[in-house]
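To start, the structure itself, in structure tokens.
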Amino acid sequence: MSAALDRWLTRLYHAVGGGLFLGLCAIVSYAAGDRHRPDRVGSPKLLASEVAPGGALRQARVIADLAECTLPDARRLHSVRPDRHQVAPPANAVDAPPWDRDGRPRTIETEIPADFPCGPAMPVESPSAACNGFRRTVRPQRRPDAVMPFRVTCGGVTTGPAGAKTARVP
């Protein structure tokens, strides 16, 4: 009786192990098969190289969407001073980008806090994309960080075209 039970348990272990292995192979092939980037991101451009504290840093970037995907964009501001002051503005996530913006410049405004230190600084963007459930929950596709240096001025403040504080008075 015990030899027959051992044989059935061994077969059961092999069947369960084989099923788990095949399931793992399916997940890995699903993730590996979706390696293309669903978007083409152009290099970012600053619309003003000097911004006052409390003002808005405006960046323009062209994104060509190739598929309907979630495009999260984590941003942060770094001060290039010894204290390395860092601010993380709210993340910008687009679930399904509007098709009317495909290939047109997209302007992102980042509010510079009033207590941000004066001097050189840089915004860092970390764009990523997720087109399927695996990419949304486990590991989105990431692009290299985009870094654009600018200067935070603390002299007099003038208003720009949109009425926001943008640069110092000469």
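Every number here is computed from the coordinates shown, using simple stated rules; none is lab data. In this text, all values refer to a predicted model and were calculated from it rather than measured experimentally. For neighbour counting, all protein chains shown are included, and Cβ atoms are generated from backbone atoms with ideal geometry for every residue, glycine included.
Observations
- Segments 74-80, 19-25 sorted - mean Cβ within 10 Å per residue, highest first: 74-80, 19-25
- Ranked by the mean number of other Cβ atoms within 10 Å of their residues, highest first, the peptides 109-119, 2-12, 139-149, 44-54 come out as 44-54, 109-119, 139-149, 2-12.
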